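Read through the structure below, which is laid out as structure tokens, and then see the notes.
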Amino acid sequence: MLRIDGARPLTPDVVAEVNAACDAAVQHGKLVVHVTGAPGDGWLSGVTVALVSKWERALRALERLPLPTLAIARGDCGGLALDAFLAADHRVAIGRPRLVLPVSAGATWPGMALYRLAQHGGGAAAVRRAALFGTPIGLEDALAAHLIDAVAADEEEAVAVAGRYGAGIAGPELAIRRQLLFEAPTVGFEEALGVHLSACERALRRTAAEGSTS
């Protein structure tokens with residue numbers, strides 16, 4: 001389990017926490033990320049591009065884990081909380097959270113949350129308003145844009161969703177399917193075909209192996 005408070009500033013300690021959680025998740029087979037909080041004034045104080053790069057690489061490691069990842073959001077979620085929430089496979093809301101892109105120096109923060117919002121939410125008007133103007137994305141708009149997958153009444157129900165989600169799915173195969181989805185918008189058909197055929201061949205071998213042992 002990983003807890004990310006979006007009100008915290010970005011520091012090397014936060015990066016280390018995410019990396020440590022990813023390492024532990026590989027041993028335990030799943031990762032549940034609890035997120036809440038949004039940045040206040042001065043949240044970029046002391047932040048460097050090098051630190052942002054380390055943070056984004058930690059999120060990428062979370063995003064590419066060979067296991068299901070689930071994020072649970074409560075209240076306003078911005079900054080680090082929004083970044084981690086969008087990097088998860090399945091995203092659950094408790095109550096009525098808002099997704100908030102922080103604004104600094106007269107513009108929204110241009111981190112990879114923008115990329116993930118576009119990737120998950122497509123051309124939804126709420127996503128566009130958030131990206132350009134920092135307008136918070138409410139629950140209904142987040143559901144409509146597929147940024148939130150489910151709503152839970154409380155943490156117990158949300159954790160129950162986490163227990164059911166991804167059951168029976170092989171971690172390494174999940175990572176391959178996720179990568180195929182990531183690449184689909186930017187890879188041409190001919191290039192994609194070879195990768196998909198390779199994945200199909202792998203799946204056929206697994207199916208044959210399971211059949212021979214049954």
- prompt: Here is a list of conditions, (1) assigned to a strand (DSSP E or B); (2) free of Cβ contacts under 8 Å to residues at least 12 places away in the same chain; (3) β-branched (Val, Ile, Thr), and residue 72 meets all of them except one; can you say which number that is?
  reply: (2)
task: Could you list all residues from the range 88-141 that are open to solvent by 20 Å² or more (accessible area, probe 1.4 Å), part of a strand (DSSP E or B) and either over 12 Å from residue 78 (Cβ atoms) or among the hydrophobic types (A, V, I, L, M, F, W, C) (or both)?
output: 90, 95, 96, 100, 103, 107
- prompt: Failed condition for residue 100, given (1) in contact (Cβ under 8 Å) with a residue 40 or more places away in the chain; (2) more than 26 Å from residue 22 (Cβ to Cβ); (3) in contact with a helix residue (DSSP H, G or I) (Cβ under 8 Å, 6 or more places away or on another chain), with all others met?
  reply: (2)
field: Extreme residue, modelled with the highest pLDDT, among residues of the range 28-69 that are hydroxyl-bearing (Ser, Thr, Tyr) and either touching a Pro at 6+ places or on another chain (Cβ under 8 Å) or part of a strand (DSSP E or B) (or both)
entry: 36
- request: Tell me which residues, restricted to the range 5-43, are open to solvent by 50 Å² or more (accessible area, probe 1.4 Å), at negative phi and more than 17 Å from the chain's Cα centre (by Cα).
  value: 7, 8, 9, 12, 13, 16, 27, 28, 41
- request: Give me the pairs, please: first residue somewhere in the range 192-211 and within 14 Å of residue 175 (Cα to Cα) and assigned to a helix (DSSP H, G or I), second residue anywhere and open to solvent by 60 Å² or more (accessible area, probe 1.4 Å) and modelled with pLDDT under 80, beta-carbon distance under 9 Å, and either six or more positions apart or on two chains.
  value: 195/183; 199/177
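Matching residues to (1) of a type in the set (Gly, Ala, Ser); (2) more than 14 Å from the chain's Cα centre (by Cα):
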{"residue": "112", "(1), (2)": "no, no"}
{"residue": "134", "(1), (2)": "yes, yes"}
{"residue": "145", "(1), (2)": "yes, yes"}
{"residue": "148", "(1), (2)": "no, no"}
{"residue": "157", "(1), (2)": "no, yes"}
{"residue": "180", "(1), (2)": "no, yes"}
message: Quick check on the range 162-177: of everything there that is modelled with pLDDT under 75 and part of a helix (DSSP H, G or I), which residue is most open to solvent (accessible area, probe 1.4 Å)?
response: 164
query: Is the range 200-209 home to any residue that is among the hydrophobic types (A, V, I, L, M, F, W, C), more than 24 Å from residue 29 (Cα to Cα) and touching a Leu at 6+ places or on another chain (Cβ under 8 Å)?
result: no
message: Condition first: among the hydrophobic types (A, V, I, L, M, F, W, C) and either out of contact with any strand residue (DSSP E or B) (no Cβ under 6 Å at 6 or more places or on another chain) or closer than 20 Å to residue 186 by Cα (or both). Now tell me which residues in the range 91-130 satisfy that.
response: 103, 105, 107, 109, 112, 113, 114, 117, 118, 124, 125, 127
- request: Search the range 45-87 for residues being open to solvent by less than 10 Å² (accessible area, probe 1.4 Å) and β-branched (Val, Ile, Thr), and hand back the single one that is nearest to residue 161 (Cα to Cα).
  value: 72
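The values are calculated or read from the model by the stated rules, or taken from the named source; none is laboratory data. These numbers come from a predicted model, not from an experiment. We place every Cβ from the backbone using ideal geometry, glycine too, and count neighbours over all the protein chains shown. Note: accessible area is taken over every heavy atom of the protein model, side chains too, but ligands, DNA and RNA are not part of it. Shrake-Rupley method; radii C 1.70, N 1.55, O 1.52, S 1.80 Å.
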